[in-house]
Ligand code: C5P
């Protein structure tokens, strides 16, 4: 069986201005239906673009990785929910996740960032943790499920073990995806789009292989065609 779910592909709009993001969105046209807006663009007026994208029928992932006192996280989450956004990231600290859950309605899916993929065991030790990355990812994944969080952001390598741990219902979303032969940039642990979907990712987040391609639409179409070959 083949799959043709365009919304498996989330394009990261990691650009410095709304104008640059809008140009990309226009070039990608109907090929891409799901966009991620992170801190760089959000702080340059990107939340207005997020509303415009929703008005144009797109799905929007707000990647602001919330973490603050509970009352602030709850109220900030409510604002994103009121804007009609689809996904929002929060850090996977139990208090933070519980507060975000309290602030989100049914439409907004909350995704927890377990451990930043730029962190290794030595970074955790330096920050005062008494366990390694794998153990902390598993612990936080369990806490996210218990808090009613809808999904997790994971590196491709974590998909298999965490899917077993959390079961079929949580959304697993992975960056670190590179088509075969693409420049890997600063990503260290990568999979191809097909490998990530086969490893049970619900969505892949792809930035530079599309946004910096000479023909972004053709690059996105190639990734969608690759995903369509994966058995469900
Ligand atoms: O350009 P590239 O495909 O590497 O972009 C990946 C996107 O996913 C970026 O927006 C990056 O911030 C995000 N991300 C990541 N690794 C994480 C969490 C988020 O690459 N652990």
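Of note, residue 202 satisfies the criterion of being away from the ligand (no atom under 13 Å from the Cβ) and within 23 Å of residue 30 (Cβ to Cβ). Within the range 77-88, at least one residue is closer than 24 Å to residue 186 by Cβ and crowded, with 20+ Cβ neighbours inside 10 Å. Has the range 53-69 got at least one residue that is part of a helix (DSSP H, G or I) and either in contact with a helix residue (DSSP H, G or I) (Cβ under 6 Å, 6 or more places away or on another chain) or exposed (fewer than 13 other Cβ atoms within 10 Å of the Cβ) (or both)? Yes, because at least one residue in the range 53-69 is part of a helix (DSSP H, G or I) and either in contact with a helix residue (DSSP H, G or I) (Cβ under 6 Å, 6 or more places away or on another chain) or exposed (fewer than 13 other Cβ atoms within 10 Å of the Cβ) (or both). Within the range 85-99, identify whether any single residue is over 22 Å from residue 143 (Cβ atoms) and away from the ligand (no atom under 14 Å from the Cβ), and answer yes or no. The answer is yes, given that some residue of the range 85-99 is over 22 Å from residue 143 (Cβ atoms) and away from the ligand (no atom under 14 Å from the Cβ).
Filtering 122, 144, 102 for residues that are more than 16 Å from the ligand (Cβ to nearest atom) and either part of a loop (DSSP other than H, G, I, E, B) or in contact (Cβ under 8 Å) with a residue 12 or more places away in the chain (or both) leaves a single hit, 102.
Inspect all residues belonging to the range 79-86 and state whether any of them is farther than 18 Å from residue 63 by Cβ and not in a helix (DSSP H, G or I). No; the residues of the range 79-86 include none that is farther than 18 Å from residue 63 by Cβ and not in a helix (DSSP H, G or I). Against the conditions (1) buried (at least 17 other Cβ atoms within 10 Å of the Cβ); (2) more than 20 Å from residue 50 (Cα to Cα), residue 111 satisfies every one except (2). Scoring residue 171 on the criteria (1) within 22 Å of residue 35 (Cβ to Cβ); (2) free of Cβ contacts under 8 Å to residues at least 12 places away in the same chain leaves a single failure, condition (2). Among the candidates 40, 74, the residue that is in contact with a helix residue (DSSP H, G or I) (Cβ under 9 Å, 6 or more places away or on another chain), surrounded by fewer than 17 Cβ atoms within 10 Å (Cβ to Cβ) and part of a helix (DSSP H, G or I) is uniquely 40. When each of 185, 160, 151 is tested for being within 16 Å of the ligand (Cβ to nearest atom) and modelled with pLDDT of 95 or more, the lone residue that passes is 151. Here residue 210 meets each of (1) within 13 Å of residue 156 (Cα to Cα); (2) within 12 Å of the ligand (Cβ to nearest atom) with one exception, condition (1).
The values are calculated or read from the model by the stated rules, or taken from the named source; none is laboratory data. Quick caveat: nothing in here was measured; it's all calculated off a predicted structure. Every residue, glycine among them, receives a Cβ derived from its backbone with ideal geometry; neighbour counts consider all protein chains shown.
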